[in-house]
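Down below is the structure, laid out as structure tokens.
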Amino acid sequence: MSIIKVENLVKNYDYYSKEQGLRNSFRNIFNRKKLVKEAVKNISFSIDAGEIVGFIGPNGAGKTTTLKILSGILYPTSGDALVDGFTPWERKKQFKMNFSIVMGQKTQLNWDLPALETFYLNKHIYEISDTDYKSVLGELSELLEVGSLVKTQVRRLSLGERMKMELIAALLHKPKILFLDEPTIGLDLISQKNIREFIRLYNQKTNATVLLTSHYMNDIESLCKRSIIINEGIIAYDGELSGISDELSIEDAISEIYQKGAVA
């Protein structure tokens, strides 16, 4: 049964161009040239409960925009989406209780405080009982091997340690759906492997649905049986990763992913 369903989703951004120089700056005050960026172009797909699906494509392909729409951060220009039966951009309380989003290039942790302070804040935001909070925090800390670090100031942690804290903060309320946007970006090979193993174990234990974006093909290959490839806002492929090599029409869409620097 589909827990995420997207139909004809479109997201456009309006922006303005300006030529260089002071004269053109004044000209733009009265006569600006409006342009439209089509970030997502009429995409449709569905994801069943418990699946781990790779959502891949080159920079600017529309991956993060799609995840932000599905998590209710952005409104679409047109189209429909249901996530666990909810329309994401309506931002209903129960919907927000059922998912988490982790973005590798953004943080929810307070830089100057221990991660434990963020965990405690999330406990109250998500109305987690004392018993569940202690139980889940202890389990996640043990699985990620960071029990001795939760009281350490975030700025004192390594990048890999911080990402583990981000995952704990995102999973304290036991979400059914997890959106992961580049969760291993910038990490060393050992840290990447540890994060991947944790995601796999969490999925097996909770049957959580995971939509994962990454430029590291090891993340996708080790976690995802199915991948959706998006390029220039259009879905170029949706199926098993092993079938990509047989689809000549999508070579351009994934060429950047397979560059030497991205296949860590």
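The values are calculated or read from the model by the stated rules, or taken from the named source; none is laboratory data. All of these numbers come straight from a predicted model, not from anything done at the bench. All Cβ positions, even for glycine, are placed from backbone atoms using ideal geometry, and neighbour counts span all protein chains on display. All accessible areas refer to the heavy atoms of the entire protein, side chains included, with ligands and DNA or RNA removed. Shrake-Rupley method; radii C 1.70, N 1.55, O 1.52, S 1.80 Å.
Across the range 127-157, the qualifying residues are those that are within 23 Å of the chain's Cα centre (by Cα) and open to solvent by less than 60 Å² (accessible area, probe 1.4 Å), and the one among them that is farthest from Arg200 (Cα to Cα) is Val154. Among the criteria (1) surrounded by fewer than 14 Cβ atoms within 10 Å (Cβ to Cβ); (2) touching a residue at least 40 places away in the same chain (Cβ under 8 Å); (3) part of a helix (DSSP H, G or I), the one Leu67 does not fulfil is (1). For the range 158-177, the set of residues classified as of a type in the set (A, V, I, L, M) and either open to solvent by 10 Å² or more (accessible area, probe 1.4 Å) or in a helix (DSSP H, G or I) (or both) consists of Leu159, Met163, Met165, Leu167, Ile168, Ala169, Ala170, Leu171, listed by residue number. Within the range 73-94, being open to solvent by less than 30 Å² (accessible area, probe 1.4 Å) and either part of a loop (DSSP other than H, G, I, E, B) or within 18 Å of Thr206 (Cα to Cα) (or both) holds for Pro76, Val83. Checking Ser191, Ser141, Ser148 one by one, the residue that is free of Cβ contacts under 8 Å to residues at least 12 places away in the same chain, among the polar types (S, T, N, Q) and either outside any strand (DSSP E or B) or touching a Phe, Trp or Tyr at 6+ places or on another chain (Cβ under 7 Å) (or both) is Ser148 and no other.
Residue count for the range 220-249 satisfying the condition of being modelled with pLDDT under 90, open to solvent by less than 40 Å² (accessible area, probe 1.4 Å) and not in a strand (DSSP E or B): 4. Going by the structure shown, is Leu180 surrounded by fewer than 18 Cβ atoms within 10 Å (Cβ to Cβ), among the hydrophobic types (A, V, I, L, M, F, W, C), in contact (Cβ under 8 Å) with a residue 60 or more places away in the chain and in a strand (DSSP E or B)? No: the conditions fail for Leu180.
Once the range 176-204 is narrowed to residues that are at negative phi and charged (D, E, K, R), the residue that is farthest from the chain's Cα centre (by Cα) is Asp188. Filtering the range 203-218 to residues that are modelled with pLDDT of 90 or more and open to solvent by less than 20 Å² (accessible area, probe 1.4 Å) leaves Ala208, Thr209, Val210, Leu211, Leu212, Thr213.
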